[in-house]
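The values are calculated or read from the model by the stated rules, or taken from the named source; none is laboratory data. Computed from a predicted model, the values in this text were never measured in an experiment. Heads up, the Cβs are rebuilt from the backbone with ideal geometry, glycines too, and the neighbour counts pull from every protein chain shown. Areas reflect the complete protein model, heavy atoms only, side chains present, ligands, DNA and RNA absent. Shrake-Rupley method; radii C 1.70, N 1.55, O 1.52, S 1.80 Å.
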Amino acid sequence: MIKFIVRRLISGAVLLFLISTISYVLLYLGGGDIARRILGQTATAQTVADKAHVLGLDRPLFVQYSDWLSHALSGNLGESWFTGQPVTIAITSRVAVTLSLVLGATLLTAVISIALGVWAAVRRGWVDRVVQFISVLGFAVPGFLIALGLVIVFALNLRWFKPTGYVNLTDSFPGWLATVTLPVIALAVGGIAGVAQQVRGSVIDALRQDYVRTLRSRGLSQNRVVFKHVLRNAGGPALAVLSLQFVGLLGGAVIVEQIFAIPGLGQVAVTATSQGDIPLVMGLVLATAIIVVIVNLVIDLLQGWLNPKVRLS
Amino acid sequence: MTESSLTETLLDVQNVTVEYPVKGFRAQPFRALKGVSLDIRPGETVGLVGESGSGKTTLGRAVLGLAPVTGGSILYKGRDIAHDSRRARRRLSSEIQVVFQDPYTSLNPSLTIEDILAEPLTVRRMSRRDANRRVRDLLDQVGMPSSSGDRLPREFSGGQRQRIAIARALALDPRLIVCDEPVSALDLSTQAHVLELFRDIQENTGVAYLFVSHDLAVVRHLSHRVAVMYHGEIVEWGDGEQVTAHPEHPYTQRLFLAAPVADPDAQEQRRADRERLLAAQQEQRVQSGAVA
Amino acid sequence: MIDSQATESLAEASQRSASHASLSKRMLTNPTGLVAIVLLALVVLSAVFAPLLTSHDPNTASLHDVLDPISGAHPLGADSSGRDELARLLFGSRFSLAGAALALAISAVIGVTGGLIAGYYGKWFDSLSQWLTGLLMALPGIVVLLAASSVLGPSMWMSMAIFGVIMSPAFFRLVYASVTAVRSELYVDAARVSGLGDSRIIARHILTVVRAPAIIQGAMVMGIAIAIQAGLEFLGLGDMTIPTWGSMLNDGFVSMYRAPLLLLWPSAMIGITCVCLTLFANAMRDELERSSTKPSRRRRRAASRAAAFEHEPVERHDDDERSREITGEELLRVTDLAVGYDKPDGSVSTVVSDVSLTVQRGEVHGLVGESGSGKTQTAWSILRLLPDGGRVTNGSIVFEGEDLAGVSEKAMQRIRGKKIAYIPQEPMSNLDASFTIGSQLVEPMRVSLGLSKKEATERALALLARVGIPEPKRTFAAYPHEVSGGMAQRVLIAGAVSCDPDLLIADEPTTALDVTVQAEVLDLLRGLQAEMNMGMILVTHNFGVVADICDRVSVMRNGRIVETGPVRAIFRQPRHEYTKALLGAILDEGPARGPLASGVTSQTTDAAAASPAAGNVSEGALK
């Protein structure tokens, strides 16, 4: 088991290194005359050259990159070109907000989709058809349309929730709940649809396995077999989809945060992108990659726990 | 001497070894065949019998060029084909053909019977009209109505599909057909008819068979000579009657007595024989162990 | 969004599916598919003929018309710059659809080519592309697009091209899964032996399989591309100089409080297009899966044909000396049993009918027949473990004085395992791969017999030793994939007898095993049956197994018993034509073929003489 974890950690580290290298090269090479972009069209050639020198942009790319990497490893991702704020602080001050949204949505997705999927697979008939229909719709409609719909119906018309803003969990739990409910639902709908379909499919598959009949032939009830054996076997594929959904949710959060005016990573990302604030963009890419690597590691461990073949190979 | 052996031997398998690479760092490759030798004469059926994992299917695949031969040679009409390039191998398709075990996966489900049967013909640049005529002849030869051509494999039963697979093997008029468990997936009554078809075709065309099966009775019924495989080696090899009725190797003896005979009293007898044989072999092992 | 599991099953399904032509025909008769196709066609046509449908220019701003409501001049109103909403919507379709199509084309080209090469040739290209796929799927697409547009500036075409690259794993995985599945298919081997080159094999056998699932995946990718494009532009990061659905959404969001309808039009367009693409994909998948499940239906149809068979009297043999020696009490009496499956149209297809049989304590009753004869259905119906939709439609199953056909599921749970036990055919698939062998033995004993964990463990270890497993403790702790098939079958036998049943139902218990293992397992079954004085129903197609272990035999065909009697009577004096034909097809006692004569042609005469009795029964008569 320890070997398994170590192997996953190493491959995660390699992945992070690759992503950072590739994005550094692409961002800094693709950015064109960065100093000019920071200073604007009115600046003289001399000020631009000075700025480039101050930022270290006149050095060879490899030197710049190794410089950046050694700083990055010690936790220093540089400063924003436009606000001068350290990138690490800009990100860490916002990451909790985004994570609370995304993890909330993931949890909601897991609970509801497993319940729906199992229900549809075991009951079949009309339950199955209704769940299937809802899943198709939820999967097909883009998340931000759902978010817009939720704002218009529940915030503007019914006035159950505030349309925008965010209250910190540490400040007031009810306040936090009131501000994150709509965004979390908006984020989760697509995931619920996708994962519920997957759970339904794998439960139906697992129910058709021969061992289900054999276990029942020894006097175990259908429910016992479903909840102990079928669910565990259906869990693997469902987890795999859930981990993909999580990556999708991180992306979806960018748009949802914009709609609900939530001060998370998404807002930083949109501002940084429109300004061309490359150190900040670089930091965001890295932060996302780290989150994804950690979540994948957790999911891998769960997979190993569910499926002995994964663990032993 | 060499002149006469060339005309008498169609396929000569000499000391063939097959190894499959095993995933993992520095893993030992898996040896599926450990120096296997046998030969097939024109028009002859050689039965290859063994249990799962004995390497019998691998030997068939090695002859077809579908398994990695790492040692020894496979002489076809005197030429070593074990290490042929893919291109050279393709030229052999009119000489060596195959009928697989599973009639459900050996026919492409999305092609019509006509397309399946014409495939080996059109690849050899036969015109579509000639190919269609040949397809009708082939269907006739295996006892299928010539109207089967434009239907899909799933419209046929297992036995009928196996007939189609045989027709495909016959399309290029080969000299040798490797039959890999061709009747094991079939019901008893269908099996008898397909076996008859194999015999009829052999008598009409003089094709030779390498007939792989786990079923001693099937092999005995069809084979002129029989080889018994165990753990990647041939442990007994000779005349069909001799090997299947009076086996000499301890494993063949066990195999023979383990197959239940379809008669209650005869089976009671065979069961007793088997118990006695197992006891005797056990005693022998103990004794040889004591000596060593 | 793209999960490999679904992809693989899709690849599998398509492999077994029918040709493409019939699939597209069926798509048009599938109501969901038809609606989706019609709506998508309308969206595309309205984009193509946009200049004919509106006289406005989508980019002409007019201060006078800012946020105009719906009117004759502006059928859908005007936006915050006074541009005509309908014109922007129609011309926007052009850009939005073309952008998504660009992403689709790029991802399809990269994914399909890469998947074909990696799947067919493997080796280093395989590992490399797997790595790249992992890399591409590690980051959310929108984050990558944001990063790209921070250096490249806002360009819809550029971002859609990059998104195409990001989405290429969707096609790659699908094609890769299909190709690796097809590559190991026997028909590809057969094609190779037929002399086909690699390119022909790919074109003929692999692309045909990939085509339909790739279209499904294409619809999904197209939908995602439309959504992501709209999302980017909604964030204000798109090219604001061209009309697109996303930039309209952005404009509408800004004026949400004053003119909420401006948000509705682009939302509706995006929503309808995405939903239709998904519905199209779903309908196509349904059709693919429907055609791939044909075989099982065929079997049922064959069985339902059986029900139409004339009722014919069962050939019954009287007891002989040997069978009279069995004097145990009657355990099971099945009378006029019929088993049917509910069909979607409400009717019932009957797979077993008029089956009557008895089992005494200490007796082995063989049910013998060919595939589709209903022997396994009969066995399952006694356990009341028929697959979904199956039920006993007639007759009674009296076991120890109780009719199991009418008993509640709760009561049945108390009977299963403790009174009637079951040994399945396929040893591996009948063990749950996620649990240790030991826990699968202990769990039923604790439930059925109420044993403590310690007692159940001890009993399980004793049973494993009894069924001839050399190291019971190690096997107890092992997972199913760590033991051989023969060992797994012994474990299943141990599980079946673990709760001390009176009646054992064994469904082809040795069919999946090698002959030497089969002989050992038959010995084991015989020993246990005598030791525990059980009655047994043994389902098999092998007359050797029948001869070995059965006291009484019922021959089944087309869901009915045609002949029944003591085992010797059936073998010595078969009365029914079908039984005679089956026995005639057995090769056991036939002569060996003998060595090859020097001249091949001289074989003809003696071969004809040697052909067995089966030769005079036509195949049709046996079906």
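Does at least one position in region B:221-228 carry a residue that is at the interface with chain C (Cβ under 8 Å from one of its Cβ atoms) and either closer than 30 Å to B:S110 by Cβ or part of a helix (DSSP H, G or I) (or both)? Steps first, answer last, please.
Keep residues of region B:221-228 that are at the interface with chain C (Cβ under 8 Å from one of its Cβ atoms), which gives B:221-225.
Filter again for either closer than 30 Å to B:S110 by Cβ or part of a helix (DSSP H, G or I) (or both), leaving B:221-222.
Yes, there is a match, as at least one residue in region B:221-228 is at the interface with chain C (Cβ under 8 Å from one of its Cβ atoms) and either closer than 30 Å to B:S110 by Cβ or part of a helix (DSSP H, G or I) (or both).
In region C:175-226, what residues are among the acidic types (D, E) and under 20 Å from the mean Cα position of the chain (by Cα)?
Taking region C:175-226 as the starting set, the residues that turn out to be among the acidic types (D, E) are C:185, C:189, C:198.
Residue satisfying the conditions is C:E185 alone.
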Exercise for review: Identify the single condition in (1) over 24 Å from B:L278 (Cα atoms); (2) over 31 Å from the mean Cα position of the chain (by Cα) that C:R557 does not satisfy, given that it satisfies every other one.
Suggested key: (2)
**Study point:** Failed item, numbered, when C:G72 is tested on (1) more than 14 Å from every other protein chain (Cβ to nearest Cβ); (2) open to solvent by less than 40 Å² (accessible area, probe 1.4 Å)
**Key:** (2)
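Can you find a residue that is under 20 Å from A:T92 (Cα atoms) and under 22 Å from the mean Cα position of the chain (by Cα) anywhere in region A:179-197? Spell out the reasoning first.
Our first condition is that a residue be under 20 Å from A:T92 (Cα atoms); within region A:179-197, this holds for A:180.
Next, only the ones that are under 22 Å from the mean Cα position of the chain (by Cα) stay: A:180.
Yes, some residue in region A:179-197 is under 20 Å from A:T92 (Cα atoms) and under 22 Å from the mean Cα position of the chain (by Cα).
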Exercise for review: State whether the residues of region C:59-68 include one that is open to solvent by 70 Å² or more (accessible area, probe 1.4 Å) and not in a loop (DSSP other than H, G, I, E, B).
Suggested key: yes
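Restricting to region B:39-82, give me the number of residues that are among the aliphatic types (A, V, I, L, M) and away from chain C (no Cβ under 14 Å).
Step one: of region B:39-82, the residues among the aliphatic types (A, V, I, L, M) are B:40, B:46, B:48-49, B:59, B:62-64, B:66-67, B:69, B:74-75, B:81-82.
Checking the rest, the ones that are also away from chain C (no Cβ under 14 Å) come to B:48, B:59, B:69, B:74-75, B:82.
Looking only at that region, the number is 6.
Grab the helices (runs of 4 or more DSSP H) fully contained in region B:71-163, keeping just those with 2 or more residues being surrounded by 21 or more Cβ atoms within 10 Å (Cβ to Cβ) and either touching a residue at least 40 places away in the same chain (Cβ under 8 Å) or touching a strand residue (DSSP E or B) at 6+ places or on another chain (Cβ under 8 Å) (or both). Spell out the reasoning first.
Values: elements: B:86-91, B:113-122, B:128-141.
Filter on region B:71-163 gives B:113-122.
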Exercise for review: Could you tell me whether A:V151 is facing chain C (nearest Cβ under 9 Å), open to solvent by less than 10 Å² (accessible area, probe 1.4 Å) and in contact (Cβ under 8 Å) with a residue 24 or more places away in the chain?
Suggested key: yes
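Check whether at least one residue in region C:142-149 is open to solvent by 10 Å² or more (accessible area, probe 1.4 Å), under 30 Å from C:T180 (Cβ atoms) and in a helix (DSSP H, G or I), and report yes or no.
Within region C:142-149, the first condition is being open to solvent by 10 Å² or more (accessible area, probe 1.4 Å), and the residues that meet it are C:143-144, C:147-149.
Still in the running and under 30 Å from C:T180 (Cβ atoms): C:144.
Within this subset, residues satisfying the condition of being in a helix (DSSP H, G or I) are C:144.
Yes: one or more hits.
Which one is farthest from the chain's Cα centre (by Cα) among residues in region A:35-65 that are open to solvent by less than 50 Å² (accessible area, probe 1.4 Å) and farther than 15 Å from A:D277 by Cβ? Break it down stepwise before answering.
Going through region A:35-65, the residues open to solvent by less than 50 Å² (accessible area, probe 1.4 Å) turn out to be A:35, A:38, A:40, A:43, A:48, A:52, A:56-57, A:64-65.
Next, from what is left, pick out any that are farther than 15 Å from A:D277 by Cβ: A:43, A:48, A:52, A:56, A:64-65.
Working: A:A43: 40, A:V48: 38, A:A52: 35, A:G56: 33, A:Q64: 30, A:Y65: 27 Å.
Result: A:A43.
Report the residue count in region A:154-167 for those that are open to solvent by less than 70 Å² (accessible area, probe 1.4 Å) and free of Cβ contacts under 8 Å to residues at least 12 places away in the same chain. Give the steps one after another, and end with the answer.
In the first step, residues of region A:154-167 are kept if they are open to solvent by less than 70 Å² (accessible area, probe 1.4 Å); the result is A:154-156, A:161, A:163-167.
Still in the running and free of Cβ contacts under 8 Å to residues at least 12 places away in the same chain: A:156.
Residues meeting the conditions: 1.
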Study note, to complete from the structure: Looking across region C:140-181 at residues that are closer than 26 Å to A:A240 by Cα and without any contact (Cβ under 8 Å) to a residue 24 or more places away in the chain, the single one that is nearest to the other protein chains (Cβ to nearest Cβ) is C:P140
Check your understanding: Can you name every residue in region A:185-200 that is touching a residue at least 60 places away in the same chain (Cβ under 8 Å) and either open to solvent by 20 Å² or more (accessible area, probe 1.4 Å) or on the phi > 0 side of the Ramachandran plot (or both)?
Key -> A:I185, A:G190, A:I192, A:Q197, A:Q198, A:R200
Practice item. Tell me, yes or no, whether region C:89-106 has at least one residue that is more than 14 Å from every other protein chain (Cβ to nearest Cβ), within 30 Å of the chain's Cα centre (by Cα), assigned to a helix (DSSP H, G or I) and touching a residue at least 24 places away in the same chain (Cβ under 8 Å). Key: yes
Practice item. For B:H249, indicate whether it is surrounded by fewer than 22 Cβ atoms within 10 Å (Cβ to Cβ) and more than 11 Å from chain C (Cβ to nearest Cβ). Key: yes
Point to revise | One residue from A:G219, A:G251, A:G276 being within 9 Å of chain C (Cβ to nearest Cβ), open to solvent by less than 10 Å² (accessible area, probe 1.4 Å), touching a Pro at 6+ places or on another chain (Cβ under 8 Å) and under 29 Å from A:G84 (Cβ atoms) | key: A:G251
